[in-house]
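Read through the structure below, which is laid out as structure tokens, and then see the notes.
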Amino acid sequence: MSKFVEKMENISPEHKKLAEALLKKIKSYGHWPDSKALGMKLLPFAESKELVFYLSDILNKNQLADYPELEFCTIIHIFILYVINQKENYSEIISSLDHVIDKAIETVSKDDWDNKYYMLRWIFNVYKASKEPLLCELVNKFDAVPNDKLLFSFIDKEQNSYEVCAYSGFTCGDVIIPSTYNGKPVKKIANNGFLNCKDLTCIEIPEGLEAIGSQAFANCTKLKNVKLSQSIRMIDDFAFSSCGKLTNVIIPNSVTRMGRSVFSWIDPVKISINIVGHKEKPAGWDDDWHKDTTMSSSNTYHNVTWDASP
């Protein structure tokens, strides 16, 4: 008998057998369930109130590490199935899920994030948990990734500087990029770095950062404000494509390279692009840097104010 089952107190023999069966089921499909059908196989376990509340107690006491044979995702499957299928009060289970989400949000390493945070999001999506009234608040909380959680990776083999990207597509609010990380400079917003962060509202680029990668902020549909520093040298292709809420952008005179269609899929009527320190397009800028692709005509460009005040 497993350690998990041996420690079960005030649980009937029948439910201890069910717990053993649960462990076998976990081992049969591994860490990542690949379909809702696999999750539904857990329904018999979710129907056992004794077992569900025992698992809840383990989580609320932060004892999951004591039971390595239990898979994190399996417990969440069971909890959500229980919540969706039971009509009685299940506030204790909601409390356990809240506890799990708090722990996931506290996660700071990429490996833990991939193994827990995305797993939770996947399970919530599978069961359309946001449609269950008592889970809505948890789903919203889960989606609101703290805006100071970012991922950093070395740009060069010498590991002298970093590029930065969002922690996940749920990164939201106003984000200030730090100028350094672990004592080394942050030089670039990674290609696709904040792609599809649809709840991102403001981005502030620090002095020292030199490059904004291709599609770095593409499809950030709520992004309203972009503050670019004087150290920016390059803004790559489609960097702000489909950022429909952007209304005013000031490009500093430090920018020597501009990629293609940087502001594509933004209504030319709604956005003002101001260029500081240049009376005409610099040699290193793509001819189509301000080309708009929202119109049927292939020769539509955004209006630009040259030699604007900073």
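The values are calculated or read from the model by the stated rules, or taken from the named source; none is laboratory data. All values derive from a computational prediction rather than experimental measurement. Quick reminder, even Gly has a Cβ in these numbers, built from the backbone with ideal geometry, and neighbours come from all protein chains shown.
Suppose we keep only residues that are among the β-branched types (Val, Ile, Thr) and assigned to a strand (DSSP E or B) within the stretch 267-295. Which one would you say is nearest to the chain's Cα centre (by Cα)?
Taking the stretch 267-295 first, the residues among the β-branched types (Val, Ile, Thr) are 269, 271, 273, 275-276, 293-294.
Those still in the list that are assigned to a strand (DSSP E or B) too: 273, 275-276.
Working: ILE273: 29, ILE275: 32, VAL276: 34 Å.
Within the stretch 267-295, the match that is nearest to the chain's Cα centre (by Cα) is ILE273.
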Residue in the stretch 24-43 that is under 16 Å from VAL83 (Cβ atoms) and modelled with pLDDT of 70 or more present: yes
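Is it the case that PHE263 is in contact with a Cys (Cβ under 8 Å, 6 or more places away or on another chain) and closer than 11 Å to ALA218 by Cβ? Quick ask: steps written out before the conclusion?
Working: in contact with a Cys (Cβ under 8 Å, 6 or more places away or on another chain): yes; closer than 11 Å to ALA218 by Cβ: yes.
Taking the combined requirement at face value, the residue satisfies it.
Could you pull out the residue among ILE266, ILE271, ILE235 that is of a type in the set (Val, Ile, Thr), under 19 Å from LEU209 (Cβ atoms) and modelled with pLDDT of 90 or more?
Numbers: ILE266 fails: under 19 Å from LEU209 (Cβ atoms); ILE271 fails: under 19 Å from LEU209 (Cβ atoms).
One residue alone meets the criteria, ILE235.
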Residues that are farther than 19 Å from ASP267 by Cβ and either surrounded by 22 or more Cβ atoms within 10 Å (Cβ to Cβ) or touching a strand residue (DSSP E or B) at 6+ places or on another chain (Cβ under 8 Å) (or both), drawn from the stretch 216-246: ALA216, LYS227, LEU228, ILE232, ARG233, MET234, ILE235, ASP236
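Looking only at the stretch 248-275, count how many residues are among the hydrophobic types (A, V, I, L, M, F, W, C) and surrounded by fewer than 20 Cβ atoms within 10 Å (Cβ to Cβ). Walk me through how you get there before you give the answer.
The first filter runs over the stretch 248-275 and keeps only residues among the hydrophobic types (A, V, I, L, M, F, W, C), leaving 249-251, 255, 258, 262-263, 265-266, 269, 271, 273, 275.
Cutting the leftovers down to surrounded by fewer than 20 Cβ atoms within 10 Å (Cβ to Cβ) gives us 250, 265, 269.
Final tally of qualifying residues: 3.
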